[in-house]
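The values are calculated or read from the model by the stated rules, or taken from the named source; none is laboratory data. All of these numbers come straight from a predicted model, not from anything done at the bench. Because the Cβ atoms are built from the backbone with ideal geometry, glycine has one as well, and the counts that use them run over all protein chains shown. These accessible areas exclude ligands, DNA and RNA; they are computed on the full protein's heavy atoms, side chains included. Shrake-Rupley method; radii C 1.70, N 1.55, O 1.52, S 1.80 Å.
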Amino acid sequence: MKNDGTFVGVDLPDRVFYPSTFDGKYGGPPDWGTSDTIAGTWTTEWNPGTQLAFVIINIEGRGDGDEINVKDVGNRKYLSYYYTDPDSAKFLDLRRVAR
């Protein structure tokens, strides 16, 4: 994620970042053996009710408004994306890497 509000995600599992995991073309479980690349824009939001921060991403050519949670572990923060129903506890943890 860049300070200008853009991002590029690489080496992500295929079939995760599409408008619907139930879509006939892209549906099904994540394909952990095939990598995907996404790009788009991001903004941060704050939920005053839960007192939690989150990131909203808009992925070019795929959809807008995907929510990514900001989680704290000790004094480190990371992003976590629920790729199914959040109650299912199936999520993808994301980290920033230098390229």
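Only one item in (1) 3, 11, 20, 28, 21, 11, 5, 1, 0; (2) 2, 12, 19, 20, 19, 12, 8, 5, 2, 1; (3) 2, 8, 9, 11, 10, 8, 7, 6, 6, 5, 5, 4, 4, 4, 3, 3, 2, 2, 0, 0 matches P(r) over Cα pairs in 5 Å bins from 0, in percent derived from the coordinates shown, and that item is (1). Put simply, the amide H of Ala39, placed in the peptide plane, has neighbours under 5 Å in Gly9, Glu60, leaving out anything fewer than 5 places away on its chain. Cross-link partners for Lys71 among the aspartates and glutamates, with Cα-Cα distance under 12 Å and sequence neighbours closer than 8 places in the same chain left out: Asp93. Each Lys or Arg adds one and each Asp or Glu subtracts one; over the other residues with Cβ under 11 Å from the Cβ of Ile59, this totals -3.
Surface composition of the chain: carbon and sulfur make up 50 percent of the accessible area, probe 1.4 Å. Each Lys or Arg adds one and each Asp or Glu takes one away; over the other residues whose Cβ falls under 13 Å from the Cβ of Glu45, this sums to -2.
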